[in-house]
Every structure is written in structure tokens, then in C-alpha cells.
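The values are calculated or read from the model by the stated rules, or taken from the named source; none is laboratory data. Predicted, not measured: the structure shown is a model, and the values here were computed from it. Don't worry about glycine lacking a Cβ; one is built from the backbone with ideal geometry, like all the others, and counts go over all protein chains shown.
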Amino acid sequence: MPFRALGLGDRIFKAIQEAGYTEPTPIQAAAIPEVLAGHDLIGIAQTGTGKTAAFTLPILAKMAASASDGTNRGIRTLVLAPTRELAVQIEENVRAYAKHLPQIRVATVFGGVGERPQIQALRGGTDIIIACPGRLLDLMQQRHGDFSGIQHLVLDEADRMLDMGFIPSIRQIMKKMPQKRQTLLFSATLSKEIEVLTHEFQRSPKLIQIGRRSNPAETVTQMVYEVPQHLKPSLLAHLLRDPETNSVLVFTRTKHGADRVSRKLESQGIKTGTLHSNRSQNQRLRALNDFKAGIVRVLVATDIAARGIDVDGISHVVNYDFPMHSEDYVHRIGRTGRAHAVGDAISFITPEDYAPLRSLERFIGRGIVRKKAEGFDYSAPASPADHAPRPPRQNQGQRRPQGRSNSSPGGDRRQGQRNNSGGQSRGSGRHFSGR
């Protein structure tokens, strides 16, 4: 089904064409008609399948139609997102699709920056507010913003908001929302906790689930490298010598670990950006923009800081530290292989990672191939500095408890297939050395 057949209107269709998209992804083709029809909706799809456009496009179409007479002003759409980077990504998408709808105004509300412009946006009756729950609730408690006219409410990356402990804040925000509204919930996974929220916040929602619930993108080639802890930095640098590693996202478990990896790579002449919650908002945005522009080819990030990264053509995701939770693995590797593009996911494994690796393989229903890097010396001894204690691991391989807090640019932001094959240009030589 082409976008034209979805009934989004000529001005939005023009913006879609200008963005280079021709056909909707499965989640978009299934969700857009339901949203246009006014139904509450639960949208479950893997990371990288275009969930953002699945709600932004029909909401914009409905808002454009209702605003044509100029009588509907004020905050009409509220999108809640778990991180400020994800909020910025959603805002960019909304502005791109609303470029021919000058009457639609959009603003973001999140922490780490000054409140004044956000207060002005709330008081000025901005049409679409994209917000993180913490800052929004704080401003609402200061009596900023009139939400009585909300028509569309979106919970994006609901699974991550649950993980980060935002649900109490969201419940307080919901109390300020009108009962008569359309509520859309989007997530990469559908857990029992998420199902509870759907009963609490939605009315007879339609469920759209694309693909298996816990399966990573089929276009991602997954592999494991077994390596001693002290050789991880050397192995990463070795693999990055492969010219096919042109855009690499590296995940570490801790913020300090991310800084250490970045310094090591920079010392070897590899341009690297760093993304974690100890970085200022400007530093985080600059690192992300440099990565998008190819100024740096490696971005080292923690899980939450990387939530919502929308970068076309990420060639490789490297789990420098293996994730403690299987869901985090699925989210991590979803940063590559987006919207039918190909990509590789590499995981470094030490002996203490064997149990969570087995849990992951059960979770995704498949084994992951073990590899050895060609030309790499696995027998190099550890130096005294390599014996520094690692942070403790807890609940290996188990699902995290509700409310666990963490610190991530998010979500799956490829809104459809490109009109060209740029994201799939890498051929059979696209793998790391030793593949």
C-alpha cells in the first residue's frame, strides 16, 4: 500500500515524498488507518520499524483538518517520551512532516535546559507538546499549561518509561488529561506491566503487533566474540580497523566505562563521541549530530543515553559490555538494521557473561554464532591497570524489576523505506575481520 492510499492529505503526502519515503512500513500501514478512525491503539513492533511516523502522520492529518477553520487552538496533542534525546527526535520528525502545515506549532519540554522557553510554549497554546514526564509534571504542578483541550495523547517507548520508573509521574499527568481523548501507546515489547497500563489509560484499544514479541530485527547479523576482560579495548580497536566499520555504536554498562573506551579510541586516532547522562544536553546533542554527520565514526553510549538514536546507516552495534537484560540487547541491536537496512551486532563475552548469554538465546529463540577475530593476539597478558574491579552484576539474565532507573536518543525513527537503497549499500564484505 503506498502512502497516497492512506488518506493523509496532499500536504502531508508531499512532505513524505520530500523526506524520501515511498511505502509505509508494516506498523505504519496497520496503525495509520486505525488512528485516523479515532481508535485508541497499542502498537508493538521491533525497534527500527517506523513507529514514530505511525502516530505522527495520522495525528497531523487529523489536526490539520480540525484546524482549518482556525477555531481549535491550544495544546491538542501531548507525546510523552522517556528521554530528552527521543523527544528531540520526535520533534524533528513532526516538523519534517508538518512543513507544509504552517498552522501547526510544536515544542519540547524536558530537563537539562532552561524552563522559560518551555513555560512560554505551554502558556502560548502550542499545538503539539513533546515532553519527558519529569519536567512536564514539574511545570504542570507550577500551573503552567492548559491541557483541557487534549485530543491525542501518545505514550512512546512505553516499555522504557516503565523501566525508568516514570509510571507514577505519568499517572499524575493523566489525572490532568480530559477523559475524552485518543490514547496511543507504542512499544518495542508488550509485557504484562504494559498490558496493565493499557487497561488503565486506554478505552478498548486496537492491538497491532508486527513480528514476534521479542525477536530482534531479522536484517541484523548477530555474533559473539569471546575475549578476556583486559583485551576488550584492544579487540575493539582491532575490529575498527576494518574499513567496513564506517558508523559504529558501542554500548558500555557504565558512564565511566564509556569515557574510558572513548579515551582509548581517541588515543589511537579513532574519532569518537560519547553519550551518557553525565554529559550536558549540548554535549549530548553535539556528539549525536557529529555521529550523524560522519564527523565521528564511533559513538560510545550507555543504554538509556542511546535510547532513541535515529541515525541512518549505522553499520555496526558493539556490545562492549554484555547487557544484563535480554530486552536491553534487543533495543541495542535495533540501532542497526533499521527499516530493512542491513547491519551487524557484535557482543564481547567474558566468562561471567555466559549465563546471561544463554538466557538471551532462549529469549530470542536462537543461538548466536561465536567468532574469532583474525590476526588478533588473544594471549596478550594483562597489565596491572587491567585488574581494576568491574562493577557488580545483579540478576543476570533476568528481567529488570519495575521502576529501575537508568539514564538514552531513542526509539526507532526510520519512518518508512527510503526511495533509494542507500541504507543497504554494503555488500557481502560488510562484516568485521574474521567473519
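Selection of first residues in the stretch 105-116 that are at negative phi and of second residues that are among the hydroxyl-bearing types (Ser, Thr, Tyr) and surrounded by 15 or more Cβ atoms within 10 Å (Cβ to Cβ), restricted to Cβ pairs under 6 Å at least 6 apart or on distinct chains, gives the following pairs, ordered by first then second residue: Arg105/Thr126; Ala107/Thr126. Which one is farthest from the chain's Cα centre (by Cα) among residues in the stretch 9-49 that are more than 23 Å from Gln182 (Cα to Cα) and among the aliphatic types (A, V, I, L, M)? Of everything passing the filter in the stretch 9-49, Ala15 is farthest from the chain's Cα centre (by Cα). Filtering Arg362, Arg335, Arg297, Arg366 for residues that are crowded, with 16+ Cβ neighbours inside 10 Å, assigned by TED's automatic domain parsing to the domain that holds Thr252 and at pLDDT below 90 leaves a single hit, Arg335. Residues in the stretch 262-280 that are in contact with a strand residue (DSSP E or B) (Cβ under 8 Å, 6 or more places away or on another chain) and either in a helix (DSSP H, G or I) or under 15 Å from Gln89 (Cβ atoms) (or both): Ser262, Leu265, Glu266, Leu275. The residue of the stretch 8-24 that is farthest from Val154 (Cα to Cα), among those that are at pLDDT 90 or above and not in a helix (DSSP H, G or I), is Gly9. Taken together, the residues in the stretch 281-306 that are in contact with a helix residue (DSSP H, G or I) (Cβ under 9 Å, 6 or more places away or on another chain) and either under 29 Å from Phe166 (Cα atoms) or in a helix (DSSP H, G or I) (or both) amount to 12.
Listed by first and then second residue, the pairs linking a residue in the stretch 202-214 that is charged (D, E, K, R) to a residue that is at pLDDT 90 or above and not in a strand (DSSP E or B), with Cβ atoms under 6 Å apart and 6 or more places separating them unless they lie on different chains, are Arg203/Asp40; Lys206/Glu34; Lys206/His39. Just one of (1) over 25 Å from Asp353 (Cβ atoms); (2) modelled with pLDDT under 90; (3) out of contact with any strand residue (DSSP E or B) (no Cβ under 6 Å at 6 or more places or on another chain) fails for Pro216. It is (1). Report whether or not Arg95 is more than 30 Å from Gly111 (Cβ to Cβ) and either in contact with a Pro (Cβ under 7 Å, 6 or more places away or on another chain) or assigned to a helix (DSSP H, G or I) (or both). Against the criterion (more than 30 Å from Gly111 (Cβ to Cβ) and either in contact with a Pro (Cβ under 7 Å, 6 or more places away or on another chain) or assigned to a helix (DSSP H, G or I) (or both)), Arg95 does not qualify.
Number of residues in the stretch 172-205 that are of a type in the set (Gly, Ala, Ser) and over 26 Å from the mean Cα position of the chain (by Cα): the value is 1.
Conditions tested, residue by residue: (1) buried (at least 16 other Cβ atoms within 10 Å of the Cβ); (2) not in a loop (DSSP other than H, G, I, E, B).
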| residue | (1), (2) |
| --- | --- |
| Ser148 | no, no |
| Leu153 | yes, yes |
| Glu200 | no, yes |
| Ile208 | yes, yes |
| Met223 | yes, yes |
| Ser234 | yes, yes |
| Arg241 | no, no |
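Can you tell me which condition Asp159 does not meet? The list is (1) surrounded by fewer than 17 Cβ atoms within 10 Å (Cβ to Cβ); (2) part of a helix (DSSP H, G or I); (3) of a type in the set (D, E, K, R), and all the others hold. In the conditions (1) surrounded by fewer than 17 Cβ atoms within 10 Å (Cβ to Cβ); (2) part of a helix (DSSP H, G or I); (3) of a type in the set (D, E, K, R), Asp159 misses (1) alone. Would you be able to say whether some residue in the stretch 316-330 is out of contact with any strand residue (DSSP E or B) (no Cβ under 6 Å at 6 or more places or on another chain), assigned to a loop (DSSP other than H, G, I, E, B), at pLDDT 85 or above and among the hydroxyl-bearing types (Ser, Thr, Tyr)? Looking for residues that are out of contact with any strand residue (DSSP E or B) (no Cβ under 6 Å at 6 or more places or on another chain), assigned to a loop (DSSP other than H, G, I, E, B), at pLDDT 85 or above and among the hydroxyl-bearing types (Ser, Thr, Tyr), one finds none in the stretch 316-330, hence no.
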